Amino acid sequence: MSKSDPSLRRKTVAFSCFLCFVEGIACVLWLALIPGDAKNAILWGFSSQRLMISAIIVIGSIGFLILSSLFWRKGDLFDSFFIAIKKTKYLGWVNLALGISFLAVLGLLFFPPAGILKYGSAYHQRLVPLFIFILLSILQTIIVVDWLTWNQVKEWCIQTMKRTRRLDQSVWVSIGLLLLSVFIALTQVYYVYYNFGDEGTTLTTGWLISKGWVLHKEIFSHHFPFLYFFVALMVKLFGIAILPIRLSLIFFRTLVFAISMKFSRYRVALGITALAWSLIGHLYLGNILIYYSLSGFLLVCSIAIGLTLLNEPQKYSKAGIFTLSLFSGLAVMTDPFMLFPTAALLIIVMLNILFQKSNPTKLRLFIKLGAIVCSGYGAGLACYLIYALSTGSLTDFYHQAILFNAVTYSKYSPSINFGNAFNMFKNGLDIFNPLWFTNTSPFYTWDSYIELDAWVFTGFFYRFVILLASLFCLLKRRYLTGITLYVVASLVMMRATRFFYESPLVLLSIFICAWLLSGDVFSWQKVTGRFWSNTRQIAQKTIWVIVLLMFCWLNIRAVHFLFKDIDQLQYEYFFGVKKNEANSLKRLTCGNENARLLVYPYDPILYFLAQMPPASKFIYMLPWTVEIGQDEVIHALKEKPVMLYIDREANVWGYPVKDFLADLLNYVDNYYVRKKGVFLVSPSLAECK
């Protein structure tokens, strides 16, 4: 018997409905056997909640039993039903709606929103049988409907994917995705996952620059300056407040993506990237002001423009090349290690344009392109050089941002060199590192950010999509695009491959994944022709579905992690606590306007929130800064009224504060006065009540 046999169709659907009835009865029995509290019982020893849930399951089960009986006995009724679903124009959308419903119920089962339904609670346990009944019913409905109408469903999928491909360059779709990303990002404007110290450094340094302090000369920093000046500008415009500064990061990111959409054909892929980063980015501190994520989205937007120029070199424009160069230059002024991937990208793009057969006057074109690239790439650097020369801080910049990193900081931090990039290039981006496969369950729950990358949906997936895109480009004879993606990814991974340091890699992976899913690489023709062609088409579609499911699941898990404790999204959860600490510090100075603050080893946000400038150019004192700054700090403590707090029990990368700050602790214990047990104040402030 075949599927075309009316009797087989009718009996199969009837049996499926009867199976749903049996499953419903089993779920009711399961619910009845769950232990309950006798004090809540109102009928037959069951609570009102349990009775209500049981009634819903029983009603649904009876409905399936009635359908089973009708379809089994009355062939005419089933034939009418079969003809109706075959003729409907919305069969594909019904399948999609059922699939979304299935995922939604699955999410409520395993990842319920904590503010509404706490996982593992008594109420959640009672709802589990209902969820299972609904999931089984939806799944069996999808299977039966698709079995009956497979040709129509398959054709709908093909047509939908073709329409999706046509949307790849849609301006309105990309704008919609970008606006949605802004809306989601606004929910995280006060969220802090971890490592608030680095953002505190950015905020305090930017605030001090806005007050006239000279970066590197009066404020120590071994990082490049773009983000500090960005914060300084925001403080000048909007004042000292967390909200406008965090919002400025969101709107700057949105502006960069919007400009990139103007010069890239991959607008929807960029929109998906912006949206996914709003959903996933908080796991990598993408919602706070640190240079890793800022340089990351500048790099990705540069790559989006660069890929367009690689695939359509004849359509290059001066504005597009300048924008690519400008974003690349700003990425370098944020993180100097972005020099290598951005330089590689620019060189490949320029050479590809230069050696097109349609460009006979190569020397003139070379000079013109070189001038455009240099003007864009060097714009940020030129602005900083003017600042550094006018303030006399260029030598300090060299000693802190370059020499200090090479000589001192390198003793504490893993080395960064071309050997790292070569190893990544040689080893397939380290995709087979056993760490990525430590946890393969989709329901893996990480207890700390340290464990986040030890999951197949993160550490492995980020590398997999890059390798996959490079491979498909090579198979489609887009050799230069495939090689460029692989080389740039290897150079990005030269810096770091874990934690928030890998923000540029995660952003690059998200963009490439969105590029794959948007249909530029995969083809969606019908599976017809020779065996090899059929096999290739089926393999492509299978891989596309796997990438889509993994990508969606990663986003779902990231959102669940963010919203499982809704209180952490509020200002009071972190910044409110820190603001109270800062106010307490300020009160201990009794309004002395000349009082200065030092918080060691590392809590620099207190300067910003207390609006108290530091007593030294060292706003933090870590093992690497102790080597050059401890004596200078001790000298500053002798000359100024200082409020000092040192966390003596802290441990920085395995170095106890009691050891690496021993000289400073010895000085303040002898010459400073304790106040309220933990604070140390200079003698001039000790008499303040």
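The values are calculated or read from the model by the stated rules, or taken from the named source; none is laboratory data. Remember, it's a predicted structure, so these values are computed and weren't measured experimentally. A quick note on method: Cβ atoms are made from the backbone with ideal geometry, for glycine too, and the neighbour counts reach across all protein chains shown. These accessible areas exclude ligands, DNA and RNA; they are computed on the full protein's heavy atoms, side chains included. Shrake-Rupley method; radii C 1.70, N 1.55, O 1.52, S 1.80 Å.
Highest-first packing order for the peptide set 29-35, 591-597, 321-327 is 321-327, 591-597, 29-35, based on the mean count of other beta carbon atoms within 10 Å. Counting only heavy atoms of the protein chains and using a 1.4 Å probe, F422 has close to 120 Å² of accessible surface. Modelled spin-label separation between V58 and L237, with each label point placed 7 Å from Cα along the Cα-to-Cβ direction: 6.4 nm. Given their separation in residues at 0.36 nm each and the Cα-Cα distance between them, Y90 and S410 gain 109.0 nm when the chain is fully extended. Considering only I143, A379, L517, and ranking their Cα positions along the charge dipole of the chain that arises from unit charges at the beta-carbon of Lys, Arg, Asp and Glu, the one farthest toward the positive end is I143. Note on W72 and K675: the extension gain reaches 208.5 nm, defined as 0.36 nm multiplied by sequence separation minus the Cα-Cα distance. Split the accessible area of the range 190-266 by element, probe 1.4 Å, and carbon with sulfur accounts for 67%.
Between the beta carbons of F432 and N592, assuming R0 = 41 Å, the FRET efficiency works out to 0.10 to the nearest 0.05. Taking Cα centre as origin and charging only the Cβ of basic (Lys, Arg, +1) and acidic (Asp, Glu, -1) residues, the dipole magnitude of the chain rounds to 2760 debye.
Taking other residues whose beta carbon is less than 13 angstrom from the beta carbon of L31, and scoring Lys, Arg as +1 and Asp, Glu as -1, yields +1. The long axis of helix 267-280 is offset from the longest Cα principal axis of the chain by roughly 80 degrees.
Each Lys or Arg adds one and each Asp or Glu subtracts one; over the other residues with Cβ under 13 Å from the Cβ of N651, this totals -1.
Applying the Karplus relation 6.51 cos²θ - 1.76 cosθ + 1.60 with θ = phi - 60° to the range 482-490 yields 3J(HN,Hα) values of x, 5, 4, 4, 5, 5, 4, 4, 4 Hz, where x marks Gly and Pro.
Show me the ranking of peptides 49-56, 223-230, 509-516 by mean Cβ neighbours inside 10 Å, starting with the highest.
509-516, 223-230, 49-56
Per-residue SASA remark: L180, around 80 Å² accessible (1.4 Å probe; ligands, DNA and RNA not included).
Mind running the shape call on the range 625-689? Use the C-alpha gyration tensor, a ≥ b ≥ c as the square roots of the eigenvalues: rounded below 1.5 for a/c, prolate if a/b tops b/c, oblate otherwise.
The shape class here is oblate.
Restricting the count to DSSP beta bridges whose residues both fall in the range 579-689, what percent are antiparallel, rounded to a multiple of 5?
The antiparallel proportion sits near 55 percent.
Expressed as an acute angle from 0 to 90° and rounded to the nearest 10, what is the orientation of the C-alpha long axis of helix 242-263 relative to the principal long axis of the chain? Taking the Cα atoms of the chain, the angle to 242-263 is about 60 degrees.
Please work out whether the chain counts as rounded, prolate or oblate from its C-alpha gyration tensor, where a ≥ b ≥ c are the square roots of the eigenvalues and a/c under 1.5 means rounded, while otherwise a/b larger than b/c means prolate and anything else oblate?
Oblate shape, in that a/c is at least 1.5 and b/c is the bigger or equal ratio.
Altogether, the Stokes-Einstein calculation at 20 °C and 1.002 mPa s, with the Kirkwood radius of the range 575-689 over Cα pairs as Rh, returns a diffusion coefficient of 151 µm²/s. Computed from backbone phi, the HN-Hα couplings of the range 577-584 come to 5, 5, 5, 5, 4, 5, 5, 5 Hz, rounded to whole numbers (Karplus: 6.51 cos²θ - 1.76 cosθ + 1.60, θ = phi - 60°; Gly and Pro given as x).
Using the Cβ-Cβ distance between I143 and T445 with R0 set to 30 Å, the FRET efficiency from 1/(1 + (r/R0)^6) comes to roughly 0.50. Volume per residue of the convex hull around the Cα atoms, evaluated for the range 215-317, comes out as 132 Å³. For labels at V577 and I628 in the simple 7 Å Cα→Cβ model, what's the distance in nm? So the label points at V577 and I628 sit 3.3 nm apart.
Rolling a 1.4 Å sphere over the protein heavy atoms, what is the accessible area per residue of the chain, to the nearest Å²?
Here the residues of the chain average 46 Å² of exposed surface.
Separation of the range 180-220 from the range 360-388 is 30 Å, based on Cα centroids. Put simply, when 304-314, 563-573, 394-404 are sorted by average Cβ atoms within 10 angstrom per residue, most first, you get 304-314, 394-404, 563-573.
Can you compute the charge dipole magnitude of the range 531-689 about its Cα centre, using +1 on each Lys and Arg Cβ and -1 on each Asp and Glu Cβ, nothing else charged? Give it in debye, rounded to the nearest 20.
For this selection, approximately 560 debye.
Estimate the FRET efficiency between L480 and L180 by the formula 1/(1 + (r/R0)^6), using the beta-carbon distance for r and 35 Å for R0, to the nearest 0.05. Calculated value: 0.60. Note on the range 166-244: with charges restricted to the Cβ of Lys and Arg (+1) and Asp and Glu (-1), its dipole about the Cα centre is near 180 debye. Working note: 222 nm ellipticity from helices only, DSSP H runs with n ≥ 4, each -39,500 (n - 2.57), summed and divided by the residues of the chain, gives -21000 deg cm²/dmol to the nearest 500. The convex hull defined by the C-alpha atoms of the range 369-515 has an orientation-averaged projected area of 12.5 nm². Working note: Karplus 6.51/-1.76/1.60 with θ = phi - 60° gives the range 550-559 the couplings 5, 5, 5, 5, 4, 5, 4, 5, 5, 5 Hz, where Gly and Pro are set to x. For the range 184-229, the square roots of the Cα gyration tensor eigenvalues, ordered a ≥ b ≥ c, give a/c of at least 1.5 with a/b greater than b/c, which places it in the prolate category. Helix 196-210 sits at what angle to the longest principal axis of the chain, using alpha carbons and giving 0 to 90 degrees rounded to 10? Compared with the principal axis, the helix lies near 50 degrees. What do you get for Rg/Rh of the range 316-390 when both radii come from the Cα atoms and Rh is the Kirkwood radius? Radius of gyration over Kirkwood radius for the range 316-390 works out to 1.04.
Segment S101..A662, full-extension length gain: 195.9 nm, with 0.36 nm per residue of separation and the alpha-carbon distance subtracted.
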